[in-house]
Amino acid sequence: MAMRTGTRRKLLDAAEELFFTHGIAATPVDAVLDRAGVSSATLYREWGSKEALVAAALDRRHDEWTATWDRAIAAAPDDRARLDAVFEALDAFRSTPTGSRWCAFLGTAAELADAPEEVRAVLARETDTLRDRLTGAAEPLVGTADAPALAEDLLLVVSGALAMRLRDRRTGTATARAVADAVVRAHRADGACTTSHGTPG
């Protein structure tokens, strides 16, 4: 029998709050069940393991983050703003109750160095989403050939901005935006030089 939508939401809410605030290893499944008011039989019938529940919580968070980013992209007036939409989305997502916590994906990757397959797959999906979307947004600015390199640089900037929140929870995206702007200008300048003078060799 399929789990009711309300029950599923309660379990995922409890898992997200406890796992990504107190730590996955430090949070027993019983604590999640108590918070959600759900029986262990219900949980294991749906997911089968604690690791699968972690993956489901991450998967839902990924969908919520992607939807936030979609809205930021839709509101962007031009190509440059569409690239910066990732920072608009980070600020917007942070203002939500679950988004106010540190990055659940980086935290999970750090805690579970040898993550089980279902968790590793969600972490890879989130990284691929960042890389693919940044690459697509970079193409109108630097061209198809240089877009992947710019995306990798910006992925590092985004990850660094998230990591800085561990040092200071008040950290916003202003510094990351300034670094990203310098990175974009450098890539565009390199592209202009290559176009004018040929490929360095």
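The values are calculated or read from the model by the stated rules, or taken from the named source; none is laboratory data. Remember, predicted model here, so these are calculated numbers, not experimental data. Here Cβ is always computed from backbone atoms with ideal geometry, including for glycine, and neighbour counts include all displayed protein chains. What goes into the accessible areas is simple: the full protein's heavy atoms, side chains included, and nothing from ligands, DNA or RNA. Shrake-Rupley method; radii C 1.70, N 1.55, O 1.52, S 1.80 Å.
Mind checking which helices in the chain clear 18 Å along their axis (Cα) and have mean Kyte-Doolittle hydropathy of -1.0 or more, DSSP H runs only? Don't skip to the answer; put the middle values down first.
Details: long enough: 5-22 (25 Å, -0.47); 50-75 (38 Å, -0.41); 79-94 (24 Å, -0.18); 117-142 (36 Å, -0.31); 147-167 (30 Å, 1.11); 174-197 (34 Å, -0.03).
Helices meeting the criterion: 5-22, 50-75, 79-94, 117-142, 147-167, 174-197.
If you roll a 1.4 angstrom probe over the protein chains with everything in place, what fraction of the accessible area of the chain belongs to carbon and sulfur, to the nearest %?
Values: 5760 of 10670 Å².
Within the chain, the accessible surface is 54 percent carbon and sulfur.
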- What is the Cα centroid distance between the range 31-53 and the range 81-96, reported in whole angstrom? 32 Å
- Per DSSP H run of n ≥ 4, the term is -39500 (n - 2.57); total these for the chain, divide by its residue number, and report the mean residue ellipticity at 222 nm rounded to 500 deg cm²/dmol. -25500 deg cm²/dmol
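Quick one: accessible area per residue over the range 59-201, 1.4 Å probe, rounded to a whole number of Å²?
Values: 7670 Å² over 143 residues.
Value returned for the range 59-201: 54 Å² of accessible area per residue.
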- Using a ≥ b ≥ c from the Cα gyration tensor of the range 1-121 (square roots of the eigenvalues), is it rounded, prolate or oblate, where a/c under 1.5 gives rounded and otherwise the larger of a/b and b/c decides, a/b for prolate? prolate
- Message: For the range 163-184 and the range 126-156, what is the centre-to-centre distance using only Cα atoms, to the nearest Å?
- Response: 18 Å
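Can you give the FRET efficiency for Arg120 and Thr144, using 1/(1 + (r/R0)^6), R0 = 41 Å, r = Cβ-Cβ distance, to the nearest 0.05?
Working: r = 30 Å, r/R0 = 0.73.
Efficiency for this residue pair is about 0.85.
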